[in-house]
Amino acid sequence: MISLSHVSRWYGQVIGLNDVTCAFQPGLTALLGPNGAGKSTMLKLITGQLRPTTGSLSVYGERPFANPRLFSRLGYVPDTEGVYTELTGREFVTMLAAMAGLAGSDIDSRTAEAIETVGMTRNADRKIGGYSKGMRQRIKVAQAIVHDPDILVLDEPLNGLDPVARRELAALLQCQADEGKTVIVSSHILYEVEQMTSQIMLLHRSRLLALGDIHEIRALIDRHPHRIAIASPQARELAKRLLDLPFVLSVRLEEASIVEVETRTPDAFYARFPEIVLEGGFKIAAFDSPDNNLESVFNYLIAG
Amino acid sequence: MSIATLTDLTIAYGPKVAVSNLSVEIPEGCVGLLGPNGAGKTTLIKTLMGFLTPASGSANVLGMDVRREGLRLRQRIGLMPEQDCHIPGMNAVSFVAYAGELSGMPRSQAMRRAHEVLEYCGLGEARYRNVETYSTGMKQRIKLAQALVHGPKLMFLDEPTNGLDPAGREDMLTLVRDISHGKGVNVVVSSHLLPDVERTCDNVIVMREGHLAREGDIATLKQGNEAHVDVELYAASDAFLESAAKRGAALVSRLGSRYTLRIAEGVDCGRLLFESAGESGAQVRGFRPSLRTLEDIFMEAMQ
Amino acid sequence: MTEGPRNSVATPISDLTYRDYDGPLLSRRLRWWSVTAGGLRTLWRLDLRAIAFWICAVLCTGPYLILGFFLWITSTVAGGNSRAFMGSAPGVRFAMLFYFALRLQHLFLFVVALIAGAGSVSADNKANALIVYLAKPITKMDYLLGKWANIFIVVFGAALVPALMLYLYCLAGYTSEGFLRDDPWLILRIVAVSAIAASVHASLVLGFSAWCRTPRTASAVYSAVYWGAWSIAFALTLRTPDEDMTAAQSLVAHLSISGVFIGLAQNIYRVTPSRFLNADFPTPPPWHVLSVVAVVLVLGGIAAARARIRAVEVIRG
């Protein structure tokens, strides 16, 4: 698979990645981080466009830099707009399929398949120069999957796609991940990423800040106790009752009918809460944890 | 009160019809313009700004006819384009001041106003650097500033959060919300990121293949089916579903450990869910009445 | 600007967030000047392009300085009698200097035009600036006129200022020798010649800039056309010595971009065939033909540029 060991990369004085050690497992991993955190650097290192300044990086046991043998197992969707505007979509994918080492006889059928998968069959024979942003994005994905690579690396693939196309692409990526491929998606659109996967890697200021499952990470962020908001017509009584629990840090009445509870041990809370409700006969209209999503986790980790 | 009225508007590029027979009223405040790629949103915006002539029909924006009063119209409208754009070789201040001058402001006023608007958009010291060295977030802010400099009454924002990281997105959405509520500026946001639209806009217009697919105010459109409940468990559990079914809850859909159940009216959801959970050993982590998101509304409009 | 009630004593804390603009607005007819001024300002900076421009502008003064120097030398050396230096038809003695200077100067003038104008539309296209322009209350013609005026003013200045310097020098030192008496309209001729050269350059550079995608390509193409035409015209009339040319041959020799305004200059300055400082002044080519060519070039350049300013990029699908 992909593993990095104390990898650093800098450009002159500007640091791209600083001493990163990690490994990517098969499945869908989301690569997150603010702009300038080093995500593009990481992706370029993995796809063999850059060499690490120090440390070592191996993909399937080999170094990816300038390693054509490995490229046939890699598919890369860059975030740049630069595509050949004079070629048609089909020609573009065909050219890249050939470069990836597909046998001549296979190329046409595989190209057609890839184009079909991304939904560009209708427009495949028009020049890329006339494509909209979303269409260019899709044709880039087509060239990345045409040779059925084991590793798919996508840099901001959802950018510019309308909601329908985004769902389709997300489904495609999940499908690939389910087949055992290693899919790495770098994206800023957190609510989309959240629906695709729970494995995240968070980079911040060139360093690896977090790696793992979202929920596990959330559980470990001690500094920010879990918040749970409960809507109930008997808010005040419920609040009083909850305050008796030893693991409840604070109870706040948000509005007339919403209680907000803070706790460091959400498991204990979720285990005890149903009993309290059933015993006390409280009517609960709704309850959820507003900061149990990726965006909150991201903010907590970045802002410290 | 509406800021624009479109009647039977048809816009074509030669043989291709981008928008056909569109009749809609764009209300005041913040409006989201949604639609898949190719639905005609950008074409519509350019027509409403007066630099594309419609093939037939009429459009009246801010009381002016787009066919005849294009120039006057653009005096009161600002556009934040989707693509990267800048005037070569200028820094933020000169660029925004220049944009002001192009709108007819005298140089001294344009300079003063440029600083004011750049301050509002959150560009501090960076405004003295060349625009070509800017990050995506800064470029987006400049595009917003150049659209605001001449004090427009209506702004078109085309993908304002494109390429921004979560922090930048937060800032931009706050700006958009601030500008469109209480400052007397009407805003039309065209975006693919539906949660962003949900956050900033009060109304939506959904387009599809050049036609109007849906329109209305978001709060009304979002009212979902009151009998549905979204439940999130710690881990997916079929035993839970069985227990719930015994108590009269039917499964509508599921995604991982999230279920949508239909519960009969008058039944206490909390009680039902906690009892089912207790019986089956599952742990309920949250539940709430099903709210349709803008995404659901959009997907339905695409059917 | 009226201060709103927010700053009155009743509310001591000012609201510094966004506010509307309700200040003065300039007339729409002057909108093109904003484009011109914006372009002119780019030459008042400390970057490579501006520095290159100022160097070339200084080089443009070179020919006039050299001729002024020779004028001074011969009048001092020849004992104050500058007639020996020029020896030509009356009324043209001093005009000849300006004509010759233009012939020497046109290379640098060309470079000035390139620097001022090669990027005028092409750089805008590259940076996608047109969408900013077109979203403002400004018409295509305002934009074009503004860009044209930008190049015109720069080239006009580069041609006129050195000529004025020489004119003032002559006025100061040679009035006693009949400088003003010989040709009282000389100053107007100088202005006219500079304006014609500037117009031709402005239109052509604008046209090429609009049709090419980058400033570099525009420069390359215009250079090729300008010098290519000059070379062809030169080669065609190589075998005939200048002073023996007929009017028709002279016309062919002047059928290049530089030839057009140099030929018109010769007509305006009324310079006759003669020899001057080892250079031969040919028969002046017919001015009516050259005028038509000049007008065609000027209008053609503008029309070509206009055709390429597209309001909308068409994205299908």
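The values are calculated or read from the model by the stated rules, or taken from the named source; none is laboratory data. Everything numeric in this text was worked out from a predicted model, so none of it was measured. For neighbour counting, all protein chains shown are included, and Cβ atoms are generated from backbone atoms with ideal geometry for every residue, glycine included.
Quickly run through the range B:124-138 and pick out the residues that are under 18 Å from A:Pro34 (Cβ atoms) and among the hydrophobic types (A, V, I, L, M, F, W, C). Result: B:Ala126, B:Met138. Taking the criterion of being surrounded by 15 or more Cβ atoms within 10 Å (Cβ to Cβ) and in contact with a Ser or Thr (Cβ under 8 Å, 6 or more places away or on another chain), the residues of the range B:271-303 that qualify are B:Glu275, B:Ser276, B:Ala277, B:Glu279, B:Ser280, B:Ala282, B:Arg285, B:Gly286, B:Ser290.
Taking the conditions (1) in a helix (DSSP H, G or I); (2) surrounded by 22 or more Cβ atoms within 10 Å (Cβ to Cβ); (3) within 16 Å of the chain's Cα centre (by Cα) in turn, B:Ala110 satisfies each one other than (3). Do we find a residue being at pLDDT 90 or above, among the hydroxyl-bearing types (Ser, Thr, Tyr) and under 21 Å from the mean Cα position of the chain (by Cα) anywhere in the range C:273-292? Yes, the conditions are met somewhere in the range C:273-292. Of everything in the range B:73-86, what is more than 7 Å from every other protein chain (Cβ to nearest Cβ), touching a strand residue (DSSP E or B) at 6+ places or on another chain (Cβ under 6 Å) and modelled with pLDDT of 90 or more? Give them in sequence order. Those that are more than 7 Å from every other protein chain (Cβ to nearest Cβ), touching a strand residue (DSSP E or B) at 6+ places or on another chain (Cβ under 6 Å) and modelled with pLDDT of 90 or more: B:Leu73, B:Ile77, B:Gly78, B:Met80.
Please verify whether A:Arg9 is assigned to a loop (DSSP other than H, G, I, E, B) and at pLDDT 90 or above, treating the condition exactly as stated.
Values: assigned to a loop (DSSP other than H, G, I, E, B): no; at pLDDT 90 or above: yes.
The answer is no for A:Arg9.
Tallying residues that are farther than 25 Å from B:Leu194 by Cβ and not aromatic (Phe, Trp, Tyr) within the range B:218-261 yields 17. Taking (1) surrounded by fewer than 20 Cβ atoms within 10 Å (Cβ to Cβ); (2) more than 16 Å from the chain's Cα centre (by Cα) in turn, C:Asp124 satisfies each apart from (1).
Does B:Val61 satisfy the condition of being modelled with pLDDT of 90 or more and more than 25 Å from the chain's Cα centre (by Cα)? First the steps, then the outcome.
Numbers: modelled with pLDDT of 90 or more: yes; more than 25 Å from the chain's Cα centre (by Cα): no.
The answer is no for B:Val61.
If we keep just the residues of the range A:64-92 that are of a type in the set (A, V, I, L, M, F, W, C) and under 25 Å from the mean Cα position of the chain (by Cα), which is surrounded by the fewest Cβ atoms within 10 Å (Cβ to Cβ)? Among them, the one singled out is A:Phe65. Identification of strands (runs of 3 or more DSSP E) wholly contained in the range B:229-303 with 1 or more residues that are outside the structural domain of B:Leu34 (by TED's automatic domain parsing) and closer than 19 Å to A:Glu279 by Cα yields B:284-289. When the range A:277-298 is limited to residues that are part of a helix (DSSP H, G or I) and crowded, with 16+ Cβ neighbours inside 10 Å, the one that is farthest from the chain's Cα centre (by Cα) turns out to be A:Val277.
Just one of (1) within 7 Å of another protein chain (Cβ to nearest Cβ); (2) on the phi < 0 side of the Ramachandran plot trips up B:Gly89, so point out which. Of everything listed in (1) within 7 Å of another protein chain (Cβ to nearest Cβ); (2) on the phi < 0 side of the Ramachandran plot, B:Gly89 misses just condition (2). Among the residues of the range C:215-229, those that are in contact with a Phe, Trp or Tyr (Cβ under 9 Å, 6 or more places away or on another chain) and surrounded by 15 or more Cβ atoms within 10 Å (Cβ to Cβ) comprise C:Thr217, C:Ala218, C:Ser219, C:Val221, C:Tyr222, C:Ser223, C:Tyr226, C:Trp227.
Residues are listed down the side, and each one gets a yes or a no for (1) surrounded by fewer than 19 Cβ atoms within 10 Å (Cβ to Cβ); (2) under 30 Å from C:Gly91 (Cβ atoms):
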residue	(1), (2)
C:Leu180	yes, yes
C:Leu204	no, no
C:Trp211	yes, no
C:Ser231	yes, no
C:Leu236	yes, no
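From B:Leu44, B:Leu34, B:Leu9, which residue is within 14 Å of chain A (Cβ to nearest Cβ), in contact with a strand residue (DSSP E or B) (Cβ under 7 Å, 6 or more places away or on another chain) and modelled with pLDDT of 90 or more?
Among B:Leu44, B:Leu34, B:Leu9, only B:Leu34 is within 14 Å of chain A (Cβ to nearest Cβ), in contact with a strand residue (DSSP E or B) (Cβ under 7 Å, 6 or more places away or on another chain) and modelled with pLDDT of 90 or more.
Per the listing B:Gly40, B:Gly29, the residue uniquely in contact with a His (Cβ under 8 Å, 6 or more places away or on another chain) and either surrounded by fewer than 21 Cβ atoms within 10 Å (Cβ to Cβ) or on the phi > 0 side of the Ramachandran plot (or both) is B:Gly29. Within the range C:42-53, the residues that satisfy the criterion of being part of a helix (DSSP H, G or I) and either surrounded by 14 or more Cβ atoms within 10 Å (Cβ to Cβ) or β-branched (Val, Ile, Thr) (or both) are C:Arg49, C:Ala50, C:Ile51, C:Ala52, C:Phe53. Restricting attention to the range A:108-148, the residues being surrounded by fewer than 21 Cβ atoms within 10 Å (Cβ to Cβ) and either closer than 30 Å to A:Gly61 by Cβ or not assigned by TED's automatic domain parsing to the domain that holds A:Thr80 (or both) number 4. Scanning the range A:162-177 for residues that are without any contact (Cβ under 8 Å) to a residue 12 or more places away in the chain and either of a type in the set (S, T, N, Q) or more than 11 Å from chain B (Cβ to nearest Cβ) (or both) gives A:Ala171, A:Cys175.
Condition check for B:Gln109 on (1) without any contact (Cβ under 8 Å) to a residue 12 or more places away in the chain; (2) more than 8 Å from every other protein chain (Cβ to nearest Cβ): one failure, at (2). Of the residues making up the range C:16-41, those that are of a type outside the set (Lys, Arg) and not in a loop (DSSP other than H, G, I, E, B) number 10.
Residue-level check: of (1) assigned to a helix (DSSP H, G or I); (2) farther than 30 Å from B:Gln75 by Cβ, C:Pro12 misses just (1). A count restricted to the range A:272-290 and to residues that are more than 14 Å from B:Asp268 (Cα to Cα) and facing chain B (nearest Cβ under 7 Å) stands at 2. Within the set A:Glu156, A:Glu192, the sole residue that is closer than 20 Å to B:Thr293 by Cβ, within 14 Å of another protein chain (Cβ to nearest Cβ) and of a type in the set (Asp, Glu) turns out to be A:Glu192. Look at (1) under 18 Å from the mean Cα position of the chain (by Cα); (2) over 24 Å from A:Ala98 (Cα atoms) and you find that A:Pro157 fails only one, number (2). Selection of first residues in the range C:28-57 that are more than 11 Å from chain B (Cβ to nearest Cβ) and of second residues that are outside any helix (DSSP H, G or I) and surrounded by 15 or more Cβ atoms within 10 Å (Cβ to Cβ), restricted to Cβ pairs under 7 Å at least 6 apart or on distinct chains, gives the following pairs, ordered by first then second residue: C:Phe53/C:Leu43. Taking the criterion of being among the polar types (S, T, N, Q) and within 7 Å of chain A (Cβ to nearest Cβ), the only residue of the range B:262-303 that qualifies is B:Gln283.
Restricting to the range B:95-106, give me the number of residues that are assigned to a helix (DSSP H, G or I) and facing chain C (nearest Cβ under 8 Å). Write out each step before concluding.
Narrowing the range B:95-106 to residues assigned to a helix (DSSP H, G or I): B:95-102.
Filter once more, keeping what is facing chain C (nearest Cβ under 8 Å): B:98-99, B:101-102.
So the count comes out to 4.
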